[in-house]
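Derivation of every value follows stated rules applied to the coordinates shown; laboratory data play no part. Note that the structure is predicted; figures quoted are calculated from it, not measured.
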Amino acid sequence: MAKRVKRPQRKGKSKPVPMRESDRSQDPILRKRLDPDEAAERVFNFLHTLAIECQMMARACGKTNVHSLEPEDLAALTMEASALAMVPLAGTQHTVGRPDMTRY
């Protein structure tokens with residue numbers, strides 16, 4: 001029967017410490033599975049797609065440049081998103097969770 005290895009624990013906590021990202025990158029088995037060129041291409045594709053989507057959102061707001069976007073251009077589609085992001089619901093000036101001072 002194999003010996004059970006105890007993981008290091010945080011002081012005052014009973015949960016084991018999870019393996020950190022730096023520990024995982026040193027594992028030779030995991031390093032063999034990683035193709036840096038393929039990973040770099042995936043990161044590039046992800047960032048390029050984000051840039052294109054950001055440009056599309058700016059154009060949808062009637063702006064010609066992404067840097068022309070302002071906080072007033074933001075709108076939430078759900079009440080939960082409005083409460084979390086503290087931006088008004090689409091089509092209204094009401095922000096969920098923030099008192100409406102214009103009523104008083």
Q | Estimated vicinal HN-Hα couplings, Hz - segment 89-100 in sequence order (Karplus 6.51, -1.76, 1.60; Gly, Pro = x) | A | 5, 4, x, 9, 9, 8, 9, 5, x, 10, x, 8
Q: For ALA76, enumerate residues with amide H under 5 Å from its amide H, sequence gap 5+ or separate chain, H modeled in the peptide plane.
A: LEU89, ALA90
Q.
Give me the extension gain from ASP35 to ALA75: residue separation times 0.36 nm, minus the current Cα-Cα distance, reported in nm with one decimal.
A. 10.4 nm
